[in-house]
Amino acid sequence: MHLLGTLIIGFVVGLLARWLHPGEDKMGIVLTTILGIAGAFVATYGGQMLHIYEPGQTAGFVGALIGAIVLLVVVGFLRKAAK
């Protein structure tokens, strides 16, 4: 259930990150969701491995949101650089 929960949180975090991210991006819902899930996985498992927080703490959700926003910014820069 922990993996499924991380996927669901990643979906929600991806949408929130897209809403909070300033500027106009032409990413679709699929890429936004994938970046949100990736941010959730990195923040959830990375934060737990570094003992920043324990499973189930609110800090994991906040970390996942920050991770997803960072990934959205990085992908946005990479897409602009590729043009």
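Throughout, read-outs are computed from the coordinates displayed, never taken from laboratory work. Keep in mind that what you see is a predicted model, and the values were worked out from it rather than measured. Neighbour counts run over all protein chains shown; Cβ positions are idealised from the backbone, glycine included.
Among the numbered conditions (1) under 14 Å from the mean Cα position of the chain (by Cα); (2) outside any helix (DSSP H, G or I); (3) among the charged types (D, E, K, R), the only one that Arg18 does not meet is (2). All conditions but one from (1) surrounded by fewer than 14 Cβ atoms within 10 Å (Cβ to Cβ); (2) outside any helix (DSSP H, G or I); (3) free of Cβ contacts under 8 Å to residues at least 12 places away in the same chain apply to Pro55; the one that does not is (3).
So which of Leu72, Leu20, Leu35 ends up being surrounded by fewer than 17 Cβ atoms within 10 Å (Cβ to Cβ) and out of contact with any Cys (no Cβ under 6 Å at 6 or more places or on another chain)? Before the answer, list the steps.
Details: Leu72 fails: surrounded by fewer than 17 Cβ atoms within 10 Å (Cβ to Cβ); Leu35 fails: surrounded by fewer than 17 Cβ atoms within 10 Å (Cβ to Cβ).
That would be Leu20, the only listed residue that is surrounded by fewer than 17 Cβ atoms within 10 Å (Cβ to Cβ) and out of contact with any Cys (no Cβ under 6 Å at 6 or more places or on another chain).
Does Leu7 fit the bill of being more than 24 Å from Lys80 (Cα to Cα) and out of contact with any strand residue (DSSP E or B) (no Cβ under 8 Å at 6 or more places or on another chain)? Spell out how you get there, then give the answer.
Values: more than 24 Å from Lys80 (Cα to Cα): yes; out of contact with any strand residue (DSSP E or B) (no Cβ under 8 Å at 6 or more places or on another chain): yes.
Judged against the criteria, Leu7 is a match.
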